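Novice: The structure is given below, and queries will be raised subsequently.
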Amino acid sequence: MRATGTFTVKAFVPTELKPEPAVPTGLPVGVATMEKSFEGEVAGRSATLFTAAFDQGTGVGTYVAMESFEGSLNGREGSFNFVHSATTSGSDRTAEFFTVVPSSGTGALAGITGAGGMAVDADGTHRIWFDYRLGVPEGSGQST
């Protein structure tokens, strides 16, 4: 199944967390927390741990984000985790990765597996989609 939606970033809060031991590199690593709001077939909110090695001046870098989503996909309520990452040279997105974390689904989204993606339209609209399957979670004693 596929669910699509749009999202807005409600909060982006840099933290003081730094890798230890410190290792000097050309792009320092930073950590932030994020809160997002979703509308459409993907409806709800998420809390995100966001890690990046990024140059604000040139727009070059890579990020990795772990999101905990609560809401609905195509009307099915629950929660799950998903992870995504991408690299940019300042004007593109490459090396994209996006997957639902296995065994993380709850409620009507229990047993969710799959992948997805994100894109930003020219007008700044942030889009998200999930290509997913719902199944019986392992260890539940139920057959699929």
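Novice: Return the only residue of Thr8, Thr58, Thr51, Thr15 being touching a Ser or Thr at 6+ places or on another chain (Cβ under 6 Å) and of a type in the set (Val, Ile, Thr).
Specialist: Thr8
Novice: Now for a separate question. List pairs: first in the range 63-78 and under 17 Å from Val101 (Cβ atoms), second acidic (Asp, Glu) and buried (at least 16 other Cβ atoms within 10 Å of the Cβ), Cβ under 9 Å, 6+ apart or cross-chain?
Specialist: So the pair list comes out as Leu73/Glu41; Gly78/Glu70.
Novice: Looking only at residues in the range 2-21 that are assigned to a strand (DSSP E or B) and aliphatic (A, V, I, L, M), which one is least open to solvent (accessible area, probe 1.4 Å)?
Specialist: Among residues in the range 2-21 that are assigned to a strand (DSSP E or B) and aliphatic (A, V, I, L, M), the one least open to solvent (accessible area, probe 1.4 Å) is Ala3.
Novice: Could you list, in sequence order, the residues of the range 114-127 that are surrounded by 15 or more Cβ atoms within 10 Å (Cβ to Cβ) and either at pLDDT below 95 or of a type outside the set (A, V, I, L, M) (or both)?
Specialist: Selection gives Gly114, Gly116, Gly117, His126, Arg127.
Novice: How many residues does the range 114-127 contain that are in a strand (DSSP E or B) and closer than 24 Å to Gln56 by Cα?
Specialist: The qualifying residues number 6.
Novice: Just the residues that are modelled with pLDDT of 95 or more, assigned to a strand (DSSP E or B) and surrounded by fewer than 19 Cβ atoms within 10 Å (Cβ to Cβ), please, taken from the range 87-113.
Specialist: Thr87, Ala95, Glu96, Phe97, Thr99, Thr106, Gly107, Thr113
Novice: Could I ask something else about it? Quickly run through the range 22-52 and pick out the residues that are open to solvent by 100 Å² or more (accessible area, probe 1.4 Å) and either in a loop (DSSP other than H, G, I, E, B) or of a type outside the set (A, V, I, L, M) (or both).
Specialist: Matches in the range 22-52: Val23, Pro24, Glu39, Arg45.
Novice: Hey, does the range 60-73 have a residue that's open to solvent by 70 Å² or more (accessible area, probe 1.4 Å) and touching a Leu at 6+ places or on another chain (Cβ under 6 Å)?
Specialist: Yes; the residues of the range 60-73 include at least one that is open to solvent by 70 Å² or more (accessible area, probe 1.4 Å) and touching a Leu at 6+ places or on another chain (Cβ under 6 Å).
The values are calculated or read from the model by the stated rules, or taken from the named source; none is laboratory data. Keep in mind it's a predicted model, so treat the numbers as computed, not measured. Methodologically, a virtual Cβ is constructed for each residue, glycine included, from the backbone with ideal geometry; neighbour enumeration extends over all protein chains shown. Just so you know, the surface numbers come from the protein's heavy atoms only, side chains and all, with ligands and any DNA or RNA stripped out. Shrake-Rupley method; radii C 1.70, N 1.55, O 1.52, S 1.80 Å.
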